[in-house]
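Contents: one structure, followed by commentary.
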Amino acid sequence: MSNLAFLSLIFTVFISTSNAISQCNGPCKTLNDCDGQLICINGKCNDDPDVGTNICKNSPPSVPSPINTCRPSGTVNCNGIHPIYRCSPPVTSSTPAQLTLNDFSKGGDGGGPSSCDGQYHDNNERIVALSTGWFAGRSRCGKMIRIRANNGRTVTAKVVDECDSTTGCDEEHAYQSPCKNNIVDGSIAVWRGLGLNTDDGIVPVTWSMV
């Protein structure tokens, strides 16, 4: 490539980039950098207060993803050393979780009766226990949640119990270790509704309030 052709290419690129048009909140240096009736204010394209446009004000604000600040509050020696949690990750419209299998009937691996109503439950019901943070001090008792599996299938289930993330290894908890802080502990009816194999034991899902 000749020097003249090279300089011509650089000039073309410079002209095309310098004429780039910015939208709302886009970077700018002069009025010509902004699209339509937008003007350059403090280095960003925005509505012209003299004209009274509301182009940028009507643009939906971006919603930042919630930050997971949940950390262990200690450890417990229960079938090995396990972290204990009094919190869970933030609940969103698609909250990542681990689905486990629970037997809510009397004598099942769920231990004592359900925290919400003091009753045992038929496993043909679509019911769940939630980790301590998500259980939120019984505030989600009786509430319905929607669970989505990676195969695309969804079910709704009722919250009836807590999957305790703070303690374990006693009769009430069927001598099991504390739950992790991201557990949706579902009945076999939940697993069947999602078309999942209970032999897997634990599978990733997402959930939200109905």
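Some observations on this one:
- Placing a label point 7 Å from the Cα of MET144 along the Cα-to-Cβ direction, the residues of region 76-93 whose backbone N falls under 19 Å of that point are 92-93.
- Cut-off 13 Å between beta-carbons: net charge of the residues surrounding ALA149, Lys and Arg +1, Asp and Glu -1: +3
- Karplus (6.51, -1.76, 1.60) ³J(HN,Hα), θ = phi - 60°, over region 197-203, in Hz, Gly and Pro reported as x: 8, 5, 5, 5, x, 8, 9
- Under a 5 Å amide H cut-off, with hydrogens placed 1.01 Å from N, ILE41 pairs with ASN46 among residues at least 5 apart or on other chains.
- Computed with a 1.4 Å probe over protein heavy atoms only, the accessible area of LYS158 comes to about 80 Å².
The values are calculated or read from the model by the stated rules, or taken from the named source; none is laboratory data. A quick note: this is a predicted structure, and the numbers were derived from the prediction, not measured. Counting neighbours? That spans all protein chains shown, and the Cβs are built from the backbone with ideal geometry, glycine included. Calculation scope for accessible area: heavy atoms of the full protein, side chains included, ligands and nucleic acids excluded. Shrake-Rupley method; radii C 1.70, N 1.55, O 1.52, S 1.80 Å.
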